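Everything below concerns the one structure shown next.
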Amino acid sequence: MLEQDLRNIVTQVEDSFIVPEYHKVRIRYVGRKQKADVWISLKHSLSDYFVLGSFALSNALTERKPEITVYHEPFSKRSKVTLFTETGQKTILVEAKLLLQIVEPINTIYDELYNARDKFSMVGLGLATALMPQFAGADMLPGELMQKICLKDFGDIITAQKNVFELLKTYMGLTKAGIYQELEKDCL
């Protein structure tokens, strides 16, 4: 498959998304995790920003609550994950529980905004799984994809929503193009 064909697949998928309206929401910090919509670490990392953006965009598409309740997790729980690469294996620590919070919001965003009949399932889990090693510094995803996220102002939830949407569109386009490329290899 030619590079241009793959680029066309990515563009076709990206163009199948409906651009959402982004809504401002207030962040209200709560003292108990049980009262929070989401929890984030004290570091205010890119992972935390992505969690807030995912929840805010999902909220904008469904509930439209004017605020998101957030709990600051005093310690970040990390999980060991072994990555298998061409050069061997490497164990890294990922923020699995933090990023698993995006599964349902990403599924909602995808279901609401992807306007084509060829929908995938479990998109949120796929994206969360792909981002875990990336946010842990493993550089597993294409640079083109990671350029869709920028963290300048942690309180800028509108930009966080845009980042989530742009990353999801590109991720889905690259995923579909990769599947077609692998299928073509198997047919040769």
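The values are calculated or read from the model by the stated rules, or taken from the named source; none is laboratory data. Keep in mind that this is a model prediction, so the values were computed, not measured. Quick reminder, even Gly has a Cβ in these numbers, built from the backbone with ideal geometry, and neighbours come from all protein chains shown. Ligands, DNA and RNA are stripped out before the accessible areas are found, and what is left, the full protein with its side chains, is counted by its heavy atoms. Shrake-Rupley method; radii C 1.70, N 1.55, O 1.52, S 1.80 Å.
Points to keep in mind about this one:
- Averaging 1/r over every pair of different alpha carbons in segment 102-186 and inverting the result gives a Kirkwood radius of 13.9 Å.
- Summarising the amide proton neighbourhood of Phe17: residues at separation of 5 or more, or on other chains, whose placed amide H is nearer than 5 Å comprise Asn115.
- Relative packing of 120-131, 84-95, 14-25, which averages over residues the other C-beta atoms within 10 Å, highest first: 120-131, 14-25, 84-95
- Helix 123-133 axis versus longest C-alpha principal axis of the chain: approximately 80°, rounded to the nearest ten.
- Percent RCO, i.e. relative contact order, over segment 1-151, from Cα pairs under 8 Å lying at least 6 residues apart: 23 percent
- The shape of the chain can be summarised by an equivalent ellipsoid whose semi-axes, obtained from the alpha carbon gyration tensor, come to 29, 22, 13 Å from longest to shortest.
- Nearest 10 degrees, 0 to 90: helix 103-113 Cα axis against the chain principal axis: 60 degrees
- For a label point 7 Å along the Cα-to-beta-carbon line of Arg117, residues of segment 1-29 with backbone N under 17 Å: 13, 16-17
- Contact order, relative form, for segment 77-188: 18 percent (alpha carbon pairs under 8 Å, 6 or more residues apart, mean separation divided by residue count).
- Between Lys185 and Arg78, the FRET efficiency from the beta-carbon distance, with R0 = 45 Å, is close to 0.80.
- Theoretical ellipticity at 222 nm over the chain - DSSP helices of four or more residues, -39500 (n - 2.57) apiece, nearest 500: -15000 deg cm²/dmol
- With only Cα atoms counted, segment 42-130 has Rg and Dmax values of 15.4, 49 Å.
- Accessible area of segment 81-163 belonging to carbon and sulfur atoms, whole % at 1.4 Å probe: 50 percent
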